[in-house]
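Quick notes on the structure that follows.
Just so you know, all these numbers are worked out from the coordinates, no wet-lab data involved. Keep in mind that this is a model prediction, so the values were computed, not measured. No Cβ is skipped: glycine too gets one built from the backbone with ideal geometry, and neighbour counts run over all protein chains shown.
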Amino acid sequence: MSAPRGPALFGHAAATPGAGNPAARFAHVDVWVFDLDNTLYPPHSDLWPKIDDRMTVFMCHMFGLDGLSTRALQKYYYQRHGTTLRGLIDDYGLDPHAFLDFVHDIDRSNIAPDLPLAAAIAALPGRRLILTNGSRDHALRTCERLGFAELFEDVFDIVAANLLPKPHAEAYELFFERHGVDPARAAMFEDISRNLLAPHQRGMVTTLVVPLEGASDHRDPWETARERPAHVDFVTDDLAGFLGTLSPPGGAE
């Protein structure tokens, strides 16, 4: 296995050796798949901390533990199982709907429409889908605030994945089957490197979305590594700008 490479960002994106020119590398793509949290909105937003805090509160009530102990358990499940929810289901048979409804019941009023990103997504040729470990309702509400309400064909959420989160390969297989996606003609945009391994193995073009250098980032350290392993084709700290280099003149047909 080759050693991880630093991102060495240039312009809007950096490519792994052999990835080639971005526009040429994406020329065959007709299905564009996006993660939601910390991808379609930046990690310095207050949205993810609100969700994260709601998970802690839920588990405090569930276990009767103090906040510090609960937080440690929450993060253990997240890193080990892909999501905190998956760990609670596996170990305690938790009702997923009660958890999802609670943790996503947040104030989104601080999210402003992202007009440049909306325009860049709208210009992409082909189908556009969201693949998230969160809930469908959370994705729809968040996209509404971002100005993306009409841009995506559908949302494939954790419930649609039979509660199997990314990075489990089965979650992606269920997504491909449900939406009739040929991964060899698709691209995936995601903020966590390990969630791009299975897409890469199935032939998707993969892009890791990272925050601007020096920007605040509320995620855990293991999520924020900027190294670029071989399964990541491109790294960008400007998703709107990067997508703008991939669209044909005149936008989507």
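A compact table of results
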| quantity | calculated |
| --- | --- |
| Cα centre as origin, Lys/Arg/Asp/Glu Cβ charges: the range 47-103 dipole, Debye | 200 debye |
| Under 13 Å, Cβ to Cβ, from V31 - net charge with Lys/Arg +1 and Asp/Glu -1 | +1 |
| Residue order, fewest to most surrounding Cβ atoms within 10 angstrom, among Y76, Y172, Y41 | Y76, Y41, Y172 |
| Extended-chain gain in nm, criterion 0.36 nm per residue less alpha-carbon gap, L140 and N21 | 39.5 nm |
| Relative contact order (%) - the range 47-103, alpha-carbon pairs under 8 angstrom, separation at least six | 30 percent |
| Ranked packing of 190-203, 53-66, most packed first, by mean Cβ within 10 Å | 190-203, 53-66 |
| Packing rank of 175-185, 28-38, where each peptide gets the mean count of other beta carbons within 10 Å, highest leading | 28-38, 175-185 |
| Cα shape, the range 45-185, gyration tensor, a/c 1.5 rule | oblate |
| Cα gyration tensor shape of the range 102-161, rounded if a/c is under 1.5, else prolate or oblate by comparing a/b with b/c | oblate |
